[in-house]
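Have a look at the structure below, then the notes.
The values are calculated or read from the model by the stated rules, or taken from the named source; none is laboratory data. Keep in mind that what you see is a predicted model, and the values were worked out from it rather than measured. Neighbour counts run over all protein chains shown; Cβ positions are idealised from the backbone, glycine included.
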Amino acid sequence: MSRARILLADDHSMVVDAFRKLLEPEFEIVGTASDGRELVTSALELRPDVIVVDIGMPLFSAIDVRRDLKLLLPFTKFIALAMNEDWEVTAKAVKPWATAYLLKKSAGLELVRAIRESLKGKTYVTRLGRDPRESTIREPRPVQDKGLTARQREVLQLLSEGRTMKETAAFLHVTPRTVAFHKYRIMEEFGLKTNADLVRFAIREGVVSAF
């Protein structure tokens, strides 16, 4: 029986090496990618059965790259890895394009299982700290006639994808202080209290996709 073909996408070489050692006994690693542009090129050339991707790596737009890959590779399974434990981010990541969602800190223990489940056509979500049905997240204030600036939308999208302020700053070629300024200006102007509120607001504004 042929082994499932896996493409690993992460900008940290040590993580890629660790995943390769973990997966090679059972799966065939056909390639790696270190940013979104390289991921698209490699994925279309190799057409793997599964792509394991860190959603925080450079040039990995939540809208463009994911939509393009999902449309061009409809039978490929996507395993999303992230640092963010927020259920809003989980739902946003899994439903539109991924068949599994793992936290990077637990991926080593669960990755094989997630790939197996995905190949069976099932969805796998790592155990997170809070059930969304128990959420007490406040609803943001109505936007009214206020609007986001272009820079605010960029910052909002990247943070809502699960990137840190430092990662967002590097992606936009600005300082972390600038990102923090825009983040807290958005939260103040639109009555947002938590990071979860920020993600919900981004979904409502169409900055990122939900289900």
Looking at this structure, is T168 modelled with pLDDT of 85 or more and closer than 20 Å to L81 by Cα? yes
For residues that are farther than 19 Å from K77 by Cβ and under 18 Å from the mean Cα position of the chain (by Cα), scanning just segment 1-36, find the one that is modelled with the highest pLDDT. S34
Of the residues in segment 121-159, those that are surrounded by fewer than 10 Cβ atoms within 10 Å (Cβ to Cβ), at pLDDT below 50 and not in a loop (DSSP other than H, G, I, E, B) come to R133, E134
What do you reckon, is A196 assigned to a helix (DSSP H, G or I), touching a Ser or Thr at 6+ places or on another chain (Cβ under 9 Å) and of a type outside the set (V, I, T)? yes
Residue count, segment 146-195, condition among the polar types (S, T, N, Q), in contact (Cβ under 8 Å) with a residue 24 or more places away in the chain and within 18 Å of V65 (Cα to Cα), comes to 2
Inspect all residues belonging to segment 179-192 and state whether any of them is at pLDDT 90 or above, within 18 Å of the chain's Cα centre (by Cα) and either farther than 30 Å from R20 by Cβ or surrounded by fewer than 18 Cβ atoms within 10 Å (Cβ to Cβ) (or both). no
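Conditions (1) under 24 Å from E154 (Cβ atoms); (2) more than 14 Å from the chain's Cα centre (by Cα); (3) outside the structural domain of K105 (by TED's automatic domain parsing); (4) modelled with pLDDT under 95, marked per residue:
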{"residue": "E38", "(1), (2), (3), (4)": "yes, yes, no, yes"}
{"residue": "P48", "(1), (2), (3), (4)": "no, yes, no, no"}
{"residue": "R67", "(1), (2), (3), (4)": "yes, no, no, yes"}
{"residue": "A82", "(1), (2), (3), (4)": "yes, no, no, yes"}
